[in-house]
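Read the figures in this text as sums done on the coordinates, not as results from a lab. What you see is a predicted model; the values in this text were computed from it and never measured. Cβ atoms come from the backbone with ideal geometry, glycine included; neighbour counts cover every protein chain shown.
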Amino acid sequence: MRVLLETERLVLRRFTEADAEDLADLDGDPEVMRFITGGRPTPRDVIRAETLPRFIRAYGRFEGFGVWAAIERATREFIGWFEFYPPEGRGPEEAELGYRLRPSAWGKGYATEGSRALIRKGFIDLGVRRVVAQTMVVNAASRRVMEKAGLTYVRTFHQEWPWRIEGEEHGDVEYALTKADWERREASRSGGPPDEPGTNRGR
């Protein structure tokens with residue numbers, strides 16, 4: 001099992017073929033998929049044949065980037081995933097942050113905890129200069145996570161989706177955080193510069 005990093009309550013590790021059922025259960029939950037497909041589940045055969053293989057292949061492109069299975073340390077249970085990967089056509093100097101968690105893990109601060117850990121690892125260990133994230137305007141919970149993780153609003157935009165999703169007429173939002181801004185905030189919070197590479201809990 002390749003572990004990327006650990007936080008106080010989470011382990012983020014690589015996906016394996018053994019995670020197919022957990023991933024299918026996650027994408028089969030209408031609550032989870034509300035702002036992604038309008039609540040439509042992803043078929044299990046698509047998870048096995050397309051989604052999971054795509055996750056696994058991506059680890060070989062940029063070291064330290066990908067979609068990471070989120071495991072709750074206290075129970076060792078799969079609770080969802082976090083994405084930290086260069087946007088299409090970009091190199092590892094920019095990373096897109098994403099997260100998808102089971103409803104049982106909502107409201108516990110897990111999304112913020114995992115996001116902050118990935119941002120720290122990206123800026124300290126992976127050479128990332130800017131982190132971006134996107135969600136629907138009406139997805140207030142996801143926007144709060146972005147803000148708590150340190151990202152700030154950049155723009156509102158509209159894009160075409162293959163499904164009808166409630167609130168889509170309001171568009172999507174992009175949030176971002178630069179390494180320079182992150183370093184300033186970390187210094188003001190701790191009274192000194194952020195940790196040097198290797199001193200965080202990433203592996």
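Arranged by the count of other C-beta atoms within 10 angstrom, fewest first, what order do Met33, Met1 take? Each step should come with its number before you reach the end.
On the way: Met33 19, Met1 9.
Fewest to most other Cβ atoms nearby, the residues stand as Met1, Met33.
Label Glu93 and Arg184 with points 7 Å out from Cα along Cα→Cβ: what is the distance between them in nm?
The answer from the label model is 2.0 nm.
If you take the Cα Rg of region 1-48 and divide it by 2.2 N^0.38 Å, with N the number of residues, what do you get?
Values: Rg = 13.0 Å, N = 48, 2.2 N^0.38 = 9.6 Å.
Computed over Cα atoms of region 1-48, the ratio equals 1.35.
How do Trp81, Trp68, Trp106 rank when sorted from fewest to most other Cβ atoms within 10 Å of their own Cβ?
Working: Trp81 22, Trp68 27, Trp106 15.
Ordered from fewest to most neighbouring Cβ atoms within 10 Å, Trp81, Trp68, Trp106 come out as Trp106, Trp81, Trp68.
Quick check on the exposure proxy: order Phe157, Phe84 from fewest to most C-beta atoms within 10 angstrom.
So the residues, fewest neighbours to most, are Phe157, Phe84.
Using 5 Å bins from zero, what percent of all Cα-Cα pairs in the chain falls into each bin?
Per 5 Å bin, starting at zero, the Cα-Cα P(r) for the chain comes out as 1, 7, 15, 19, 21, 18, 11, 5, 2, 0, 0 percent.
Going through region 48-108, which trypsin sites (Lys or Arg not before Pro) have at most 14 other Cβ atoms within 10 Å and a DSSP loop state? Walk me through the intermediate numbers first.
Working: sites: Arg48, Arg54, Arg57, Arg61, Arg73, Arg76, Arg90, Arg100, Lys108; in loops: Arg61, Arg73, Arg76, Arg90, Lys108.
Answer in residue order: Arg61, Arg73, Arg76, Arg90, Lys108.
Please report, in debye to the nearest 20, how large the charge dipole of region 3-190 is about its Cα centre when each Lys and Arg carries +1 at its beta carbon and each Asp and Glu carries -1 there. Let's see the in-between values first.
On the way: 30 positive and 32 negative charges, 119 e Å.
The dipole magnitude comes to about 580 debye.
GluC sites (Glu not before Pro) within region 19-116: which are DSSP loop residues with at most 13 other Cβ atoms inside 10 Å?
Working: sites: Glu21, Glu31, Glu50, Glu63, Glu72, Glu77, Glu83, Glu88, Glu93, Glu94, Glu96, Glu113; in loops: Glu31, Glu63, Glu88, Glu93.
Those satisfying the criteria are Glu31, Glu63, Glu88, Glu93.
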